[in-house]
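To start, the structure under review is shown below, and the notes come after it.
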Amino acid sequence: MFQYIIRRLLLMIPTFLGITFMVFFILQVAPDGPFERAVAQLKSANATSESGVSMSSDLIGNSSELSPDILEDLRMQYGLDKPIIIRYLIWLGVFPKEYKRETAVIGKHFRETIDFVQINENSKKQLQKYILVESEVDKNNNISYNIIESGAGLKYSLPDVSRLQTDENFDFEKYIFFQSEYQELPSNELISTWYFSDWDLEKVNSDNTVTLIKKEFNGIFQGFLGYSEKKGKNVSTLIAERMHISIFFGFTSLILVYLICIPLGILKALKHGKRFDVLSSIIVFTGYSIPGYALGVLLLSYFGGDIFPLHGWRSPDFSELSLWGKIKDQIHHAFLPIVCYMVGSFATMTVLMKNSLMENLNQDYVRTAFAKGLSEKRVIFFHAVRNSLIPLATGIGSSIGIFLAGSYLIEKTFGIDGIGLLGFNALIDKDYSIMMGALAIQVIILLIGNLISDITYAVIDPRIRFK
Amino acid sequence: MTNKILSESILQKRINRFKSIKRGYYSLIILISLYVLSICAPIIFNSKAIMVKYNDDYYFPLFNSIFSNKNIEAKDLGQFEIKGKKKYGQPHYRLLKKQYQKEDKGNWVIMPLYPYDPYEEVISEKDEQFTDGNGNGVWDPSEDFIDENGNGIADKYKYTNFPNSQHLLGTDNQGRDVLSRLIYGFNISITFAIVCCFLSYIIGIIIGGTLGYFGGKVDLFGLRIIEIYGSIPFLFMLMILATFIKPNVYILASMYVFLTGWIGITWYVRGEFLREKSKDYVSAAVSMGQSHWNVMFRHILPNSLTPVITFAPFAIIGYISALVSLDYLGFGLQPPTPSWGELMAQGRTNLQYWHLIVSPLFSIGATLFLITFIGEAIREAFDPKVHSRLR
């Protein structure tokens, strides 16, 4: 058993890689991606700036075509200068991502912004380092370069920028600005401690400068799912903000489905061919024939607005409600979506339960139990039902996976901002980092769900042994 | 007579058993007749006239548009202007009919049974709703008019209309007739499902058959690949592809089959082949020197068709649902293709128009309901299970 789980876990790795690579590949070769959109955006921005004040035209070139330099920069920004397989490895985090490139003069430091730190409500400070490149010549005339850095430090905020800007004697070259903050550039002596930097030397230029490059392993294996520029947030944050929604809907509907389907299936099997069976079959078949989201649209048009809210996960003033009010509000919002979530698996579960119980009632052990003189109730509920729950139990893992991954159809219909809708909107916005991040999480959930399925199978049914 | 009964083949037996299950059999008949009706839809639900008589000449616009590319211009039929605007190109036959009746020169137009087609050019026909004073077919602000609803107010033309005597199921948000869009949508959905079914059965039988027949390492390796492939969120992939391939029904069907449709049937066929290949008749065929191909498709395949056929109706339900959800999300067939999912999406944005919600929902529900009945009946006929209980 233990060995089996280990083997299944190992098998999950190639599955995960296969799925993510396939989607990654398609996204990368698909035309009209984020890169093309950025180019188009730049072009249109150029066109408007040309028609207005012709500023920075030397930088960008003419309006219809971007200069090769800019294109090259953009390509690097989107990582398109590398083959797809390398891009995929970067996304995984087994290949370093080059995310900064800087040309530095030897012997002169430059600043590197590491992060923006919120000090209080009004001021944000830049966390920065100073990088210095020193050259050393040894006796064989070989030049070696040392790249060192100062410890990171905060910049100080400036009380009044406008005063300085009107001051004619103010030397702008000496100051760096960021959102009304400044710091005087330190001279080399002022910085006392220097460390070896994580910048790498890429090449040495002829004019006493070097090109430095900063690489970092930053991918799935490091727990980094990507950064969405459109939303300005890390993908993992975006997903974490929505996880509880999917978990709520997933588990609630799963539990309700089992609570309803198992007794219904038992009842249908016991009354096979009777009026109850036929009538409930009609309901079950109707449920099977109508997609959940379509039922959702119908329910919304009849009950939405007056009885149930039209969309959303909770009321906007949810946090101000009392505990009882919160519960009421949550049920109020969740009722219709959960009905739709349940419709999908309701029919299959009920029929599965019914058929499996009918099959078991045919078995020899039931005959034996009857022959021993056990009561009908005892035979059915202690012998037959227990065995017929096995096929349902095996489905539980994959159901968890499917429910947790979120249904974008239902979430879109009810305007619930869950994981499914996040992925769907990312698809429309062509936000590839969110798409890949959400995909990775969903695939992991699905795979773990399948594993749970297999394990429950073995736990429940002792006849099954894994080799 | 006795001879005939003795030689009744197993297939004949199954067909007879299927026929004896009434609800499945009648569902099949209803579904087939609906599909035939939807194939004939262009001559029943169309805004082009079947026959026009104009100045001793006879025209057949509908058949011209189906069988040849010959165009009939509006001016050929004497329709020079519509509602005060010059009319070019194709005539507007419903207005032409009114015009002829008004002119009373012995010209006439025979319209199809239901004279609205799903791609209807959006044009206000509100002037048909009332009789105007001077008889020019246009209501001028100064003139008296008697409107049909009798409230004396000229209703402003709006695209979406509730069901009325002209549009039996109302119109959608672009003024197109919902009923004819539903019928054409039915045809497209079933066609999509049939194409999907056909393609996925070919792929499924070949791949599943190979895996099941050869077994061993081929099977193990192939299953891993299918497992990976099957875990890909296919609807997501299809949507990615649909953003840059603009598919028609057949391309969308092939894309769907290629991405996911073949997997279910492959599992089924593989399982069947695995079971069948250990039987004696296979060993006999192999020992006679039959080629692998022959053994697989001449001997094993006919013997393993039962679950494959039973699976088909449920696969078709899956295909139709998939098409509807894709259209609902806007990643399916290109507009203006009539589709149920697109109507559903319109209903979601216009919740007050119940006919946009109920009519596609009813169509989907009824169609899938019929197919479920057929599926149940086929399963019952092919693989009858006798449930006996002791008490």
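Just so you know, in region B:349-380 the residues that are surrounded by fewer than 20 Cβ atoms within 10 Å (Cβ to Cβ) and outside any helix (DSSP H, G or I) include one that is nearest to the other protein chains (Cβ to nearest Cβ), and it is B:Leu351. Of the candidates B:Asn303, B:Asn294, the single residue that is away from chain A (no Cβ under 14 Å), free of Cβ contacts under 8 Å to residues at least 12 places away in the same chain and touching a helix residue (DSSP H, G or I) at 6+ places or on another chain (Cβ under 8 Å) is B:Asn294. Screening B:Val52 against (1) within 30 Å of B:Ile364 (Cβ to Cβ); (2) part of a strand (DSSP E or B) leaves a single unmet condition, (1).
When you check B:Glu272 against the structure, is it among the charged types (D, E, K, R) and within 14 Å of chain A (Cβ to nearest Cβ), yes or no? No, not satisfied. Within region A:230-271, being in contact (Cβ under 8 Å) with a residue 24 or more places away in the chain, surrounded by fewer than 17 Cβ atoms within 10 Å (Cβ to Cβ) and part of a loop (DSSP other than H, G, I, E, B) holds for one residue alone: A:Lys230. Kindly indicate whether any position in region B:333-344 is under 15 Å from B:Thr160 (Cα atoms), without any contact (Cβ under 8 Å) to a residue 12 or more places away in the chain and outside any helix (DSSP H, G or I). Within region B:333-344, not a single residue is under 15 Å from B:Thr160 (Cα atoms), without any contact (Cβ under 8 Å) to a residue 12 or more places away in the chain and outside any helix (DSSP H, G or I).
What about A:Lys354, is it of a type in the set (D, E, K, R), in a helix (DSSP H, G or I) and buried (at least 20 other Cβ atoms within 10 Å of the Cβ)? Spelling it out, A:Lys354 is indeed of a type in the set (D, E, K, R), in a helix (DSSP H, G or I) and buried (at least 20 other Cβ atoms within 10 Å of the Cβ).
Conditions tested, residue by residue: (1) within 30 Å of B:Ile15 (Cα to Cα); (2) of a type in the set (S, T, N, Q); (3) under 15 Å from the mean Cα position of the chain (by Cα).
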site: B:Ile317; (1), (2), (3): yes, no, yes
site: B:Ser321; (1), (2), (3): yes, yes, yes
site: B:Ser325; (1), (2), (3): no, yes, yes
site: B:Phe331; (1), (2), (3): no, no, no
site: B:Pro338; (1), (2), (3): no, no, yes
site: B:Gly341; (1), (2), (3): no, no, yes
site: B:Asn350; (1), (2), (3): no, yes, no
site: B:Val358; (1), (2), (3): no, no, no
site: B:Ile364; (1), (2), (3): yes, no, yes
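Taking the numbered list (1) within 14 Å of chain A (Cβ to nearest Cβ); (2) modelled with pLDDT of 85 or more; (3) buried (at least 19 other Cβ atoms within 10 Å of the Cβ); (4) closer than 29 Å to A:Leu10 by Cβ in turn, B:Trp262 passes all entries but (1). Here region B:196-235 is the region considered, the condition is being in a helix (DSSP H, G or I), in contact with a Leu (Cβ under 9 Å, 6 or more places away or on another chain) and more than 14 Å from chain A (Cβ to nearest Cβ), and the residue that is nearest to B:Leu329 (Cα to Cα) is B:Cys196. Go through (1) in contact with a strand residue (DSSP E or B) (Cβ under 9 Å, 6 or more places away or on another chain); (2) of a type outside the set (Lys, Arg); (3) closer than 20 Å to A:Gly437 by Cα; (4) at pLDDT 75 or above one by one and return the number of the condition A:Gly79 breaks. Of the numbered conditions (1) in contact with a strand residue (DSSP E or B) (Cβ under 9 Å, 6 or more places away or on another chain); (2) of a type outside the set (Lys, Arg); (3) closer than 20 Å to A:Gly437 by Cα; (4) at pLDDT 75 or above, the odd one out for A:Gly79 is (4). Among the numbered conditions (1) exposed (fewer than 15 other Cβ atoms within 10 Å of the Cβ); (2) farther than 27 Å from A:Ile396 by Cα; (3) within 14 Å of chain B (Cβ to nearest Cβ); (4) of a type outside the set (Ser, Thr, Tyr), the only one that A:Gly325 does not meet is (3).
Return the residues of region A:272-298 that are of a type in the set (A, V, I, L, M), in contact with a Gly (Cβ under 7 Å, 6 or more places away or on another chain) and either part of a helix (DSSP H, G or I) or modelled with pLDDT under 85 (or both); say none if nothing qualifies. A:Val297, the sole residue that qualifies.
Here B:Trp340 clears all of (1) crowded, with 20+ Cβ neighbours inside 10 Å; (2) over 27 Å from A:Val23 (Cα atoms); (3) away from every other protein chain (no Cβ under 14 Å) except the condition numbered (3). Remark: A:Tyr302 falls outside the filter, which requires a residue to be facing chain B (nearest Cβ under 9 Å), in a helix (DSSP H, G or I), touching a Cys at 6+ places or on another chain (Cβ under 9 Å) and farther than 22 Å from B:Glu376 by Cα.
The values are calculated or read from the model by the stated rules, or taken from the named source; none is laboratory data. All figures in this text were calculated on a predicted structure; none of them were measured in a lab. Virtual Cβ from ideal backbone geometry, glycine too; neighbours counted across all protein chains shown.
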